[in-house]
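The structure appears below as structure tokens.
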Amino acid sequence: MADRVTVIGWDGSPLTAAARSALSAATLVAGAPHHLELPEVPAGAERIRLGSVALAARRIAGRRGTAVVFADGDPGFFGVVRTLRAPEFGLEVEVVPAVSSVAAAFARAGMPWDDAQVVVAHRRTLRRAVNVCRAHTKVAVLTSPGAGPAELGLLLEGVHRTFVICEELGTEHEQVTVLTSDKAADRTWRDPNVVIVIGGPVGRAVTTGPGEGAGWIAGRDPSAVSRGWTLPAEAYVGELGEGETELLRAAQLARLGPRVGDLVWDIGCGSGAFAIEAARAGAAVIAVDRDAQACARTDSAARSFGVHLQIVKGDAPHILENLPEPDVVRVGGGGVAVVSAVADRRPQRIVAHASTRDEAELVGRDLSEHGYHVECALLQSVELDTRAWTETERSVAFLLSGLLPERVS
């Protein structure tokens, strides 16, 4: 096992005394090509071009001597430290930190970043990273080969964003480019790069009092979202549809569990109440309706609540064919034909509602035939005027939910 492992963060600045001391004693140095070319790397040290951190860690663990591992930016922030410290390798790690690539990117852009979401895009996580960019106003994306600016731009089709692309930060080839997301696929980008994705909702803002500064918590301020899964009908302009009652929406949200990184389809969005509440949970949402007035109401409501929705006007199921893959889906209208088309796309969870038992049985049977585990509940809500304890409104609906066992998580 290696006698000592030092991880050096590198941001283009001259190496610190601690970093130079660790390097001078190193018998093995791992890093990217531009790290291994640094003049401070001992001529006699074994050099490993860092590809898979796990493979490098296994090699370091299997030899004696002192090792140095280079990493761009802060190695403890989405960096190599987590892998090197894994129990399976048994390595004791010392860290010489540097400015993170994300902090450097925002500094180059001249922007604050305490209100930004930060995600890592690999081939396996690219879709979820894109969903965060759909849902949030300011996102920093740490990219990787095959999951870079071009791929981000392609998957954001139909959603306007501004990209600030920071290539090879800290090197003599450093370059910062600002363009719209639809132009990112027209060019080839150098690795490593960080993409700052800007755009989205402009609506209600959380203000601070005199002397309080700009905020109190990094990322998404929870006080910007009112408490409760659902909002009362009075929060929305105009009357809500029969399938948009507060009880039904709460039950649908509970079964779907939309979260950051998810893409939610809301088909037959009506007033946009469910779509807005899914977006308030941090998910990306595509709201679909064939009625232009419904789309306009949904857009207006989203703006007033400061959430971003992609709104698509068209008839389901045909309009669904070109939409990106969903994680969870609410079917608010269209019946069995729409449920069947949605199930063909294999989202993890689907909810729908029916006004009669016969209709509920048809929907449930279709979900079962598509391999979903189906549950059905009869929801009855009676609102009372508490001044006289008299009934003011009654609603009844069958709630159906389908869970795809092969995608349980």
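Hey, F77 hits all of (1) within 30 Å of W113 (Cβ to Cβ); (2) touching a residue at least 40 places away in the same chain (Cβ under 8 Å); (3) not β-branched (V, I, T) but one; which does it fall short on?
Looking at each condition in turn, F77 falls short on (2).
Which of (1) over 20 Å from L169 (Cβ atoms); (2) free of Cβ contacts under 8 Å to residues at least 12 places away in the same chain is the odd one out, the single condition A61 does not satisfy?
Condition (2) is where A61 drops out.
Scanning region 276-303 for residues that are within 15 Å of T230 (Cα to Cα), free of Cβ contacts under 8 Å to residues at least 60 places away in the same chain and not hydrophobic (A, V, I, L, M, F, W, C), which turns out least open to solvent (accessible area, probe 1.4 Å)?
Of everything passing the filter in region 276-303, E277 is least open to solvent (accessible area, probe 1.4 Å).
Within region 282-377, which strands (runs of 3 or more DSSP E) (wholly inside it) include 2 or more residues that are more than 25 Å from R407 (Cα to Cα) and in contact with a strand residue (DSSP E or B) (Cβ under 6 Å, 6 or more places away or on another chain)?
Details: elements: 284-289, 310-313, 328-331, 349-354.
The qualifying strands (runs of 3 or more DSSP E) are 310-313.
For region 69-85, how many residues are touching a Ser or Thr at 6+ places or on another chain (Cβ under 8 Å) and either open to solvent by 50 Å² or more (accessible area, probe 1.4 Å) or among the basic types (K, R) (or both)? So that I can check it myself, show each step before the final result.
Of all residues in region 69-85, those touching a Ser or Thr at 6+ places or on another chain (Cβ under 8 Å) come to 69, 72-74, 77.
Going one step further and asking which of them are either open to solvent by 50 Å² or more (accessible area, probe 1.4 Å) or among the basic types (K, R) (or both), we end up with 72, 77.
Number satisfying all stated conditions: 2.
Considering only residues that are within 20 Å of A281 (Cα to Cα) and of a type in the set (D, E, K, R), which ones fall in region 107-162?
D114, D115, R127, R128, R134, K138
Using beta carbons and a limit of 6 Å, which pairs, at least six apart or on different chains, have the first residue in region 215-234 and over 21 Å from R297 (Cβ atoms) and the second one of a type in the set (S, T, Y) and modelled with pLDDT of 70 or more?
none
Yes or no: region 36-45 includes at least one residue that is crowded, with 17+ Cβ neighbours inside 10 Å and touching an Asp or Glu at 6+ places or on another chain (Cβ under 8 Å). Step through it out loud before you land on a result.
Of the residues in region 36-45, the ones crowded, with 17+ Cβ neighbours inside 10 Å are 41, 45.
From what is left, the residues that are touching an Asp or Glu at 6+ places or on another chain (Cβ under 8 Å) are none.
No, every residue in region 36-45 fails to be crowded, with 17+ Cβ neighbours inside 10 Å and touching an Asp or Glu at 6+ places or on another chain (Cβ under 8 Å).
Looking only at residues in region 158-180 that are among the acidic types (D, E) and part of a loop (DSSP other than H, G, I, E, B), which one is most open to solvent (accessible area, probe 1.4 Å)?
Filtering region 158-180 down to residues among the acidic types (D, E) leaves 167-168, 172, 174.
Filter once more, so that each one left must be part of a loop (DSSP other than H, G, I, E, B): 168, 172, 174.
Numbers: E168: 33, E172: 166, E174: 62 Å².
Filtering region 158-180 for residues that are among the acidic types (D, E) and part of a loop (DSSP other than H, G, I, E, B), the one most open to solvent (accessible area, probe 1.4 Å) comes out as E172.
Going through region 304-334 one residue at a time, which ones are on the phi > 0 side of the Ramachandran plot, free of Cβ contacts under 8 Å to residues at least 40 places away in the same chain and open to solvent by 40 Å² or more (accessible area, probe 1.4 Å)?
none
Taking the criterion of being in a loop (DSSP other than H, G, I, E, B), touching a residue at least 60 places away in the same chain (Cβ under 8 Å), out of contact with any Lys or Arg (no Cβ under 8 Å at 6 or more places or on another chain) and not polar (S, T, N, Q), would at least one residue in region 124-137 satisfy it?
Narrowing region 124-137 to residues in a loop (DSSP other than H, G, I, E, B): 124-125, 136-137.
In the following step, the residues that additionally are touching a residue at least 60 places away in the same chain (Cβ under 8 Å) were identified as 136-137.
Among the residues that remain, those that are also out of contact with any Lys or Arg (no Cβ under 8 Å at 6 or more places or on another chain) are: 137.
Checking which are not polar (S, T, N, Q) leaves us with none.
No, there is no match, as no residue in region 124-137 is in a loop (DSSP other than H, G, I, E, B), touching a residue at least 60 places away in the same chain (Cβ under 8 Å), out of contact with any Lys or Arg (no Cβ under 8 Å at 6 or more places or on another chain) and not polar (S, T, N, Q).
Sort through S381, S409, S395 and tell me the only one that's hydroxyl-bearing (S, T, Y), at pLDDT below 95 and not in a strand (DSSP E or B). Step through it out loud before you land on a result.
On the way: S381 fails: not in a strand (DSSP E or B); S395 fails: not in a strand (DSSP E or B).
Answer to the selection: S409.
Restricting to region 16-31, what's the tally of residues that are farther than 19 Å from F89 by Cβ, touching a residue at least 12 places away in the same chain (Cβ under 8 Å) and open to solvent by 20 Å² or more (accessible area, probe 1.4 Å)? First the steps, then the outcome.
Initially, region 16-31 is screened for residues farther than 19 Å from F89 by Cβ, giving 16-21, 23-25.
Next cut, touching a residue at least 12 places away in the same chain (Cβ under 8 Å) only: 16, 18-20, 23-25.
Narrowing the set further to residues that are open to solvent by 20 Å² or more (accessible area, probe 1.4 Å) leaves 16, 18, 20, 24-25.
Result for region 16-31: 5.
Inside region 247-280, can you point out the residues that are among the basic types (K, R) and more than 16 Å from the chain's Cα centre (by Cα)? I'd like the intermediate steps shown before the answer.
The first filter runs over region 247-280 and keeps only residues among the basic types (K, R), leaving 249, 255, 259, 280.
R249, R255, listed by residue number.
The values are calculated or read from the model by the stated rules, or taken from the named source; none is laboratory data. Model, not experiment: these values are computed from the prediction. All Cβ positions, even for glycine, are placed from backbone atoms using ideal geometry, and neighbour counts span all protein chains on display. Surface accessibility is based on the protein's heavy atoms, side chains included, excluding ligands, DNA and RNA. Shrake-Rupley method; radii C 1.70, N 1.55, O 1.52, S 1.80 Å.
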